[in-house]
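J.: Structure below; questions to follow.
The values are calculated or read from the model by the stated rules, or taken from the named source; none is laboratory data. All values reported here derive from a predicted model rather than from experimental measurement. Because the Cβ atoms are built from the backbone with ideal geometry, glycine has one as well, and the counts that use them run over all protein chains shown.
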Amino acid sequence: MVDVLFRLKLQFWMNPKSKIQNPKSKMLEYSEPVAKLIDEFKRLPGIGHKSAQRLAFHILRRSEEEVTRFVEALQEVKEKIVFCSVCNNLTDINPCMFCSSTTRDRSIICVVEEPYNLVSVEKTRSFKGLYHILHGSLSPIRGVGPDELMLANLLPRLMPENNDGAEVREVIVATNPTTEGEATANYIARLLKPLGVRVTRIAMGMPVGSDLEFVDEVTMDKALTNRHEI
Ligand SMILES: [Zn+2]
């Protein structure tokens, strides 16, 4: 004990600016490269400290070839993937495959929050129009206003001269059924309706294959509001 106190005092005398640390607690810390990797993982969305630690140690246990492949994939995606100048989709060709397609219906645009939402709509194979990706949704709590969304380039697209001569008849707002998604949908509707374009919202209600018994009242209310003739 006396020895530890003496060493701490000695450390302070030799470098008065350094914080006195218990040598035992220092042993518990990660080495700098590991701590740096954990910090980088913590920056990713939805990753807390524990998940970051798990990911860092997963990487440490992988072979060098596997890690190199992972690093190259990260670098390649940053080098080759850009935002589509028309719809903001992430793409390796600009304009993207949807905007440059000659078979898609240019008179209808589906607005989504994230590129992976586009994938969900596309999987249905029932939508043949174009897309517009906002890369987020309005959220005053998170400090996301209209200027933070990729929305400014939606309005010019409604003019036929910017849309290969085709007039946009309808804009489908397919943002998430969350408070932020609804606020974003309302904002877009207020923005576009004065321009005379039809603005529609995707229907919300019962999930397919579910039972009425297990559906919450908000979903049930939406399902009743969005009912249709059979
Ligand atoms: Zn595009």
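J.: Taking Gly143 as meeting all but one of (1) touching a residue at least 12 places away in the same chain (Cβ under 8 Å); (2) out of contact with any helix residue (DSSP H, G or I) (no Cβ under 9 Å at 6 or more places or on another chain), write down the number of the exception.
T.: (1)
J.: Mind listing just one residue for me: the one in segment 112-131 that is within 14 Å of the ligand (Cβ to nearest atom) and touching a helix residue (DSSP H, G or I) at 6+ places or on another chain (Cβ under 6 Å) and, of those, nearest to Val168 (Cα to Cα)?
T.: The extreme case among them is Tyr131.
J.: Within segment 129-147, can one find any residue that is modelled with pLDDT under 95, acidic (Asp, Glu) and under 23 Å from Gly181 (Cβ atoms)?
T.: Scanning segment 129-147, I find at least one residue that is modelled with pLDDT under 95, acidic (Asp, Glu) and under 23 Å from Gly181 (Cβ atoms), so the answer is yes.
J.: What residue, among those in segment 147-168 that are outside any loop (DSSP other than H, G, I, E, B) and out of contact with any Leu (no Cβ under 9 Å at 6 or more places or on another chain), is farthest from Ser100 (Cα to Cα)?
T.: Looking at residues that are outside any loop (DSSP other than H, G, I, E, B) and out of contact with any Leu (no Cβ under 9 Å at 6 or more places or on another chain), I get Asp147.
J.: Report yes if Tyr187 is more than 16 Å from the ligand (Cβ to nearest atom), hydroxyl-bearing (Ser, Thr, Tyr) and surrounded by 14 or more Cβ atoms within 10 Å (Cβ to Cβ), otherwise no.
T.: Judged against the criteria, Tyr187 is a match.
J.: Right, here's the next one. Confirm whether Asn88 is crowded, with 18+ Cβ neighbours inside 10 Å, under 19 Å from the mean Cα position of the chain (by Cα) and in contact (Cβ under 8 Å) with a residue 60 or more places away in the chain.
T.: The answer is yes for Asn88.
J.: Which of (1) β-branched (Val, Ile, Thr); (2) touching a Leu at 6+ places or on another chain (Cβ under 8 Å); (3) more than 16 Å from the ligand (Cβ to nearest atom); (4) closer than 21 Å to Tyr116 by Cα is the odd one out, the single condition Ile202 does not satisfy?
T.: If we test Ile202 against (1) β-branched (Val, Ile, Thr); (2) touching a Leu at 6+ places or on another chain (Cβ under 8 Å); (3) more than 16 Å from the ligand (Cβ to nearest atom); (4) closer than 21 Å to Tyr116 by Cα, just (2) comes out false.
J.: Report the residue count in segment 86-108 for those that are in contact with a Lys or Arg (Cβ under 7 Å, 6 or more places away or on another chain) and more than 9 Å from the ligand (Cβ to nearest atom).
T.: Adding up the residues that qualify gives 5.
J.: If you don't mind, another one. Please note which helices (runs of 4 or more DSSP H) are completely contained in segment 41-146 and include at least 1 residues that are under 30 Å from Tyr30 (Cα atoms) and of a type in the set (Lys, Arg).
T.: In segment 41-146, the matching helices (runs of 4 or more DSSP H) lie at 49-61, 64-80.
J.: Just the residues that are assigned to a helix (DSSP H, G or I), hydroxyl-bearing (Ser, Thr, Tyr) and either at pLDDT 95 or above or closer than 13 Å to Ala203 by Cα (or both), please, taken from segment 169-191.
T.: If the condition is that a residue be assigned to a helix (DSSP H, G or I), hydroxyl-bearing (Ser, Thr, Tyr) and either at pLDDT 95 or above or closer than 13 Å to Ala203 by Cα (or both), then Thr184, Tyr187 are the ones that fit.
J.: Please enumerate the residues belonging to segment 197-226 that are outside any helix (DSSP H, G or I) and loosely packed, with under 10 Cβ neighbours inside 10 Å.
T.: Val208, Gly209, Asp211, Asp216
J.: Residue under question is Pro45, and the condition is that it be free of Cβ contacts under 8 Å to residues at least 24 places away in the same chain, more than 16 Å from the ligand (Cβ to nearest atom) and not polar (S, T, N, Q); does it hold?
T.: Taking the combined requirement at face value, the residue satisfies it.
J.: Would you call Ala166 out of contact with any Phe, Trp or Tyr (no Cβ under 9 Å at 6 or more places or on another chain) and at pLDDT 95 or above?
T.: no
J.: Conditions first: (1) exposed (fewer than 15 other Cβ atoms within 10 Å of the Cβ); (2) within 16 Å of the ligand (Cβ to nearest atom). Gln75 passes all but one, so which condition is the exception?
T.: Every condition holds for Gln75 apart from (2).
J.: Look through Arg43, Arg54, Arg61 and report the one residue that is out of contact with any strand residue (DSSP E or B) (no Cβ under 9 Å at 6 or more places or on another chain) and surrounded by 11 or more Cβ atoms within 10 Å (Cβ to Cβ).
T.: Selected residue: Arg54, the only one of Arg43, Arg54, Arg61 that is out of contact with any strand residue (DSSP E or B) (no Cβ under 9 Å at 6 or more places or on another chain) and surrounded by 11 or more Cβ atoms within 10 Å (Cβ to Cβ).
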